[in-house]
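Chemist: One structure coming up, written as structure tokens, with questions to follow.
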Amino acid sequence: MILFPIEHPDKFHKFGMKPSKGVLFYGPPGCGKTLMAKAVANECSSNFISVKGPELLTMWFGESEANVREIFDKARGAAPCVLFFDELDSVGTARGSSMGDAGGAGDRVLNQLLTEMDGAGVKKNLFFIGATNRPDILDEALIRPGRLDQLIYIPLPDKGARKNILKAVLRKSPIAPNVSFDFMAELTDKFTGADITEMCQRAAKAAIREAISAEEDKRRLDAENGEDAAMDGEVADPVPVITRSHFEEAFSQAKRSVDPNTLLKFEEFRKKFDPVYAAKQGGSVDSRPKINWPEDNSSQFNQANDDDDDLYD
């Protein structure tokens, strides 16, 4: 959606098509929606402006809308640019659902946001990416065609993704040879990327605590024996790597941050706004509708067709 208009503008011109301007990443928290947006901007060598939804809101009348305009002006000046709205649900809540919010400030900010989206990317390579873990409360005007019309679900990582997450998180850590990434990927089923990262940090902290404790015990023994540690020369590292026991300790405290009820809400949202996914879930092998096209009707493109009345004749 973002790369093709930049790399192949001639193809869009050939088919008379304006490229999509917006995409919404939605899914459970901790699954990499923000990282995905940054990776997309880096891949297409575009400028990247990240905006946290709550940053736009202020207590002063009219200033929140001005913040929205300022962000879009900055993005237009930096085109080609990817404008990323994180925690979009904070400013994109359905209008009329927030009662008593300082005179409808949330509704005014959303109206300003919709207005800027409609007129922002007409002549500029400007793309919007929104991220939320609460898509069900978004105003439907925000995700209609022409705005954030591409809805992409970022799910819990599968086994292959979990293995790569483990490798990425532990790439700078010394790991014991008998620690299997494949086996740990199986153990972390239904874990988010953030859960896996926390588990790896717990294992590293367990190794650090053991190393510090071993060094303190060594110094205490040397002091009792009257030995000078500096005279011993090279001292063996008591904990050179993160071992299985460290990961076992981390696993004992690990937890899944996403419960099944939360996943069910995303499932319902996908069925509502993704007809292809809904058809697959309903058991349809071919999700495309059966269309009986009429016979060749190329005469509709004939300019000399006298059957059509020209209102301006």
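Chemist: Evaluate the charge dipole of the range 110-216 about its Cα centre and quote only its size in Debye, nearest 20, assuming +1 on the Cβ of each Lys and Arg and -1 on the Cβ of each Asp and Glu.
Modeler: 360 debye
Chemist: Which shape class applies to the range 13-87: rounded if a/c is under 1.5, otherwise prolate when a/b exceeds b/c and oblate if not, where a ≥ b ≥ c are the square roots of the Cα gyration tensor eigenvalues?
Modeler: The shape class here is oblate.
Chemist: For residue 36, what is the net charge nearby, where nearby means another residue's Cβ is under 12 Å from its Cβ and Lys, Arg count +1, Asp, Glu -1?
Modeler: Residues near residue 36 contribute 0 overall.
Chemist: Next question, about the same structure. So how far apart, in nm, are the two label points at residue 4 and residue 115 if each is 7 Å from Cα heading toward Cβ?
Modeler: About 3.3 nm, to one decimal.
Chemist: Subtracting the Cα-Cα distance from 0.36 nm times the residue separation, let me have the gained length for residue 140 to residue 281 in nm, one decimal.
Modeler: So the extension gain works out to 48.5 nm.
Chemist: Using a simple charge model, +1 on the beta-carbon of Lys and Arg, -1 on the beta-carbon of Asp and Glu, nothing else, what dipole does the range 159-253 show about its Cα centre, in debye to the nearest 20?
Modeler: In total the dipole reaches around 860 debye.
Chemist: So between residue 209 and residue 274, what do we pick up on full extension, going 0.36 nm a residue minus the alpha carbon distance?
Modeler: Once the chain is fully extended between residue 209 and residue 274, it gains 18.5 nm.
Chemist: If Rh is defined by the Kirkwood formula over all Cα pairs and Rg also comes from Cα, what ratio Rg/Rh do you get for the range 151-261?
Modeler: Using only Cα positions, Rg/Rh for the range 151-261 is 1.15.
Chemist: Which of 247, 236, 184 sits closest to the plus end of the dipole of the range 159-253, meaning its Cα is farthest towards the positive end, when Lys and Arg get +1 and Asp and Glu get -1 on the C-beta?
Modeler: Going by the charge dipole, the pick is 184.
Chemist: A follow-up question, please. Once Lys and Arg get +1 and Asp and Glu get -1 on their Cβ, which of 66, 125, 34 lies farthest toward the positive end of the dipole of the range 19-153?
Modeler: Going by the Cα projections, it comes out as 125.
Chemist: Quote the charge dipole size of the range 19-153 about the Cα centre in Debye, to the nearest 20; the model charges only the Cβ of Lys and Arg (+1) and of Asp and Glu (-1).
Modeler: 420 debye
Chemist: May I ask you to compute the full-extension gain from residue 13 to residue 221, defined as 0.36 nm times their residue separation minus their alpha-carbon distance, rounded to one decimal in nm?
Modeler: Gain in length upon complete extension: 67.0 nm.
Chemist: What pairs from 33/74; 159/272; 18/280; 38/167; 172/205 go past 18 Å between their alpha carbons?
Modeler: 33/74; 159/272; 18/280; 38/167
Bear in mind these aren't lab numbers, they're just calculated from the coordinates by the rules spelled out. Computed from a prediction, not measured in an experiment: that's the story for all the values here. Quick reminder, even Gly has a Cβ in these numbers, built from the backbone with ideal geometry, and neighbours come from all protein chains shown.
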